Amino acid sequence: MSNSTSQTLLILAASHYQCAAIRAAQALGYRVVTTDNRPENPGHRLADRSYDIDTTDRDRVLAIARAEIIAGVLAPCTDVAMPTAAHVAAELGLRGASVESTTIACDKILFREFLTDRGFAAPTWHRPTASEGQAGGLRHIVKPAQSSGSKGIIVVSSDEELRAALPAARAFSKSGEVIVEDFIEGHQGTLEGWLHEGAIAWHALLDRETAPQPHTATYGHAIPSVLSPPQQAAVLATVTRLWRELGVTDGPFDCDFVVAGDTVYILEVSPRLGGNSISELVRSAFDFDLVTHTVRWACGESSAALPPHAPKPRAVVLLGSPRAGQLRYHRKAASTLAREPWVESLDWDVAFDAPVEPFIDGRHRVGQCLLTAPDREELGRRICEVRERLNVSAE
């Protein structure tokens with residue numbers, strides 16, 4: 001137990017993905033305050049106190065932080081709240097990335113400009129017009145300038161699809177701005193890690209499974225990566241230089257990338273804990289509680305030891321329906337699967353028969369399965385087996 005009984009941690013957002021940080025902080029003895037504009041979100045019920053205030057409202061969130069006399073601030077698993085977290089940390093002298101770095105990293109237009117200016121590999125991109133039609137038969141990806149959880153992101157390959165995608169992308173962007181960039185074919189991955197004095201002190205390099213096109217939502221992660229040692233070294237070198245250029249030296253980070261041949265393309269990066277149940281995967285693969293480590297760091301505690309780099313083969317499979325309707329899956333298969341010795345956990349977010357939306361962004365998963373295996377090849381087979389046996393759908 002931490003010596004933090006009278007101290008308070010402010011957590012920005014209160015969705016399913018923030019609950020792990022809330023529980024970890026409370027287990028350490030911290031009082032937790034949440035702010036989120038969705039009063040029905042589950043983190044509010046867990047928190048010691050909650051506010052129904054948008055995480056992007058910097059002035060009101062800062063006022064909450066002052067009133068609650070916080071010891072630390074975190075925005076786990078959400079990009080849109082990161083600039084606010086940085087603003088609060090800067091104003092109150094708390095640990096966190098700078099406002100400048102988070103503003104760049106969490107805005108796709110500013111981040112693409114940064115990558116180009118600093119000589120990083122980046123897809124060709126532009127800001128579209130309202131009536132644009134320039135797909136030319138090639139695949140492009142349409143993205144809101146500010147969003148998280150793959151909301152509003154879609155792959156297009158025709159002028160008609162491009163024009164149809166723009167309004168939805170703008171609706172998910174706080175500024176209303178959108179980018180259109182070339183779609184990069186390659187190996188999708190995620191790098192979760194910890195920075196110390198400007199170096200990557202620990203990392204988990206994950207293979208990332210994504211939704212069938214035209215969508216891009218994360219469907220799961222697996223470790224160890226199937227990338228070659230030179231490709232893994234290239235990812236680490238690129239991300240290390242990226243954080244150095246952004247001026248971020250300490251704390252957690254999350255990065256999505258594509259490796260195409262020998263080239264590493266950074267898609268998204270943020271100085272925060274990653275979503276999509278990565279921390280649960282890390283806990284199983286490394287016997288390391290990254291969430292607790294991050295809570296301690298944010299609240300000014302001394303850093304604990306980081307784990308060695310050798311992970312055990314593990315995967316997290318995120319479950320969802322391909323269409324809207326009443327949730328369906330093979331319940332007998334689910335019961336049998338949960339008893340398999342290689343299934344660490346099988347959890348459902350919503351009940352059988354509950355109304356669900358298509359799993360095209362991070363909001364609409366219905367559950368998850370954490371798997372083990374003796375090696376990476378068998379892990380891949382078990383990922384497929386889980387999806388086949390459950391056959392999650394809706395009607």
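The values are calculated or read from the model by the stated rules, or taken from the named source; none is laboratory data. Computed from a predicted model, the values in this text were never measured in an experiment. Heads up, the Cβs are rebuilt from the backbone with ideal geometry, glycines too, and the neighbour counts pull from every protein chain shown. The protein model used for the area step is the full one, side chains on, heavy atoms only, and it has no ligands, DNA or RNA in it. Shrake-Rupley method; radii C 1.70, N 1.55, O 1.52, S 1.80 Å.
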For residue 108, give me every one of the lysines with a C-alpha distance below 16 angstrom, ignoring sequence neighbours fewer than eight places off in its own chain. 143, 151, 174
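R0 = 22 Å: FRET efficiency of residue 38 with residue 157, Cβ-based, nearest 0.05?
0.05
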Under a 1.4 Å probe, what is the accessible area of the chain per residue, stated in Å²? 42 Å²
Net charge (Lys, Arg +1; Asp, Glu -1) of residues whose beta-carbon lies under 13 Å from that of residue 201, residue 201 excluded, is -3
Solvent-accessible surface ranking, highest first, for 40, 377 at 1.4 angstrom: 377, 40
List the residues of region 226-253 whose backbone N lies under 18 Å from a point placed 7 Å from the Cα of residue 117 along the Cα-to-Cβ direction. 241-248
Under the definition of Cα pairs under 8 Å and six or more residues apart, what whole-number percent is the relative contact order of region 232-318? 21 percent
Using a Gaussian network for the chain with springs between C-alpha atoms less than 10 Å apart, which of these wobbles most: 350, 180, 235? 350
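If each DSSP helix of 4+ residues adds -39,500 (n - 2.57) and the sum is divided by the residues in the chain, what number results at 222 nm, nearest 500 deg cm²/dmol? Can you show the working numbers first?
Numbers: 12 runs with 125 residues, N = 395.
Rounded to the nearest 500, it is -9500 deg cm²/dmol.
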Computed from the beta carbon distance with a Förster radius of 22 Å, FRET efficiency for residue 330 and residue 226 to the nearest 0.05 stands at 0.15
Relative contact order %, the chain, counting alpha carbon pairs below 8 Å whose residues are six or more apart: 13 percent
For the chain, set up a Gaussian network in which alpha carbons nearer than 10 Å are linked by springs, and say which option among 85, 63, 217 fluctuates the most. 63
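Per residue, how much space in cubic angstrom lies within the convex hull of the C-alpha atoms of region 270-395? Before the final figure, lay out each step's value.
Numbers: hull volume 15.9 nm³, N = 126.
Each residue corresponds to 127 Å³ of Cα convex hull volume.
Given a Förster distance of 35 angstrom, what is the FRET efficiency for residue 126 paired with residue 363, based on the Cβ-Cβ distance and rounded to 0.05? Show your work: numbers first, answer last.
On the way: r = 28 Å, r/R0 = 0.80.
Given R0 = 35 Å and the Cβ-Cβ separation, E is 0.80.
All other residues with a Cβ under 12 Å from the Cβ of residue 152 taken together, and with Lys, Arg as +1 and Asp, Glu as -1, what is their net charge?
On the way: positive: 108, 143, 151, 170, 174, 363; negative: 177, 361.
My count for the surroundings of residue 152 gives +4.
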Student exercise, the chain dipole from Lys, Arg, Asp, Glu Cβ charges, in Debye to nearest 20: 620 debye
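What percent antiparallel are the DSSP beta bridges of the chain, to the nearest 5?
Counting DSSP beta bridges with both partners in the chain, the antiparallel share is about 85 percent.
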